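Here's the structure, in structure tokens; my notes come after.
The values are calculated or read from the model by the stated rules, or taken from the named source; none is laboratory data. Computed from a predicted model, the values in this text were never measured in an experiment. Ideal geometry is used to build each Cβ from the backbone, glycine not excepted, and the neighbour counts take in all protein chains shown. For accessibility, only protein heavy atoms count, side chains too; no ligands or nucleic acids. Shrake-Rupley method; radii C 1.70, N 1.55, O 1.52, S 1.80 Å.
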Amino acid sequence: EHGRVSGQGKVSAELHTGSDDVDAGGGIRLGLSNAELIVNSGATAYSGDELMLKWGLNDAINRNNEAQNRSKNQFDLALIAALSHVDNEDANGQTTVDQTNVKLGAAATVDVDAATFTLAPSIVYVDGNIKEDTFVTVDLGGYVGIIDTPSGLFSVGVEALFTTEDNADHSFAIGGRWAYNDRVNLDFVPFVFSEGNRVGLPGIVRLNIGL
């Protein structure tokens with residue numbers, strides 16, 4: 001997750017699909033006043049359904065920068081709060097998934113020339129029949145633009161997720177981003193390295209489109 005909030009009246013949709021056993025899914029981002037509401041849906045994964053609120057802190061940061069005669073918008077910062085609950089039953093009425101997750105954290109995004117870097121630490125509490133745990137995650141990402149064409153900007157990047165979750169490995173991903181225009185972005189992630197490595201072409205594909 002990045003540190004930017006889209007702003008009042010802005011709406012975007014996100015879709016993703018993947019290689020082999022990666023479920024397809026999606027989400028909606030609704031811009032609010034100095035905030036953003038993200039609604040994700042994924043009925044087959046206990047962590048897939050999530051309601052997330054991001055509160056932007058840039059107004060306070062920019063006022064502080066102006067007071068100190070520093071440049072504005074050096075980076076974007078937001079606080080994050082998320083809630084997820086899934087209660088699924090099989091055809092016999094037996095509970096298959098009964099899980100509640102709560103997440104609190106922050107996200108920061110820094111632009112340096114043609115590069116964009118993100119940092120998103122969070123603490124997660126999960127309770128249910130799938131998992132009971134409290135753990136910390138740190139999500140890091142960096143993309144560097146390498147080719148700017150009439151058809152959009154092409155970037156390469158690396159993402160890493162570090163976690164203290166029980167029975168879970170850190171994960172690393174290598175891929176590319178195609179910023180087709182101001183409204184459409186495509187991520188291609190052919191390499192994911194974790195406890196079970198995943199390599200595919202085009203790999204995991206993520207689409208963000210502004211509506």
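Some notes on this structure:
- Ligands, DNA and RNA left out, the 1.4 Å accessible surface of segment 162-211 is 58% carbon and sulfur atoms.
- Percent of Cα-Cα distances greater than 27 Å, calculated over the chain: 35
- Mean Cβ count within 10 Å, highest first, over the residues of peptides 164-172, 85-93: 164-172, 85-93
- Taking every protein chain into account, the accessible area of the chain amounts to 58 square angstrom per residue (probe 1.4 Å).
- Theoretical gain in end-to-end length, residue 182 to residue 114 [0.36 nm per residue, Cα-Cα removed]: 22.9 nm
- Within the accessible area of segment 75-124 (1.4 Å probe), percent carbon and sulfur: 59
- Between the amide H of residue 130 and those of 98, distances stay under 5 Å, these residues lying 5 or more places away or on another chain, with hydrogens modeled in the peptide plane.
- Highest-fluctuation residue, 130, 174, 38 considered, GNM on the chain with Cα pairs under 10 Å: 130
- Cα-based helix-to-principal-axis angle, 58-67 vs the chain, degrees rounded to 10: 30
- Neighbour net charge for residue 167 - beta-carbon separation under 11 angstrom, K R +1, D E -1: -4
- The simple spin-label model puts a point 7 Å past each Cα toward its Cβ; for residue 209 and residue 169 those points are separated by 3.5 nm.
- Residues residue 146 and residue 100, FRET efficiency given R0 of 25 Å [Cβ-Cβ distance, rounded to 0.05]: 0.05
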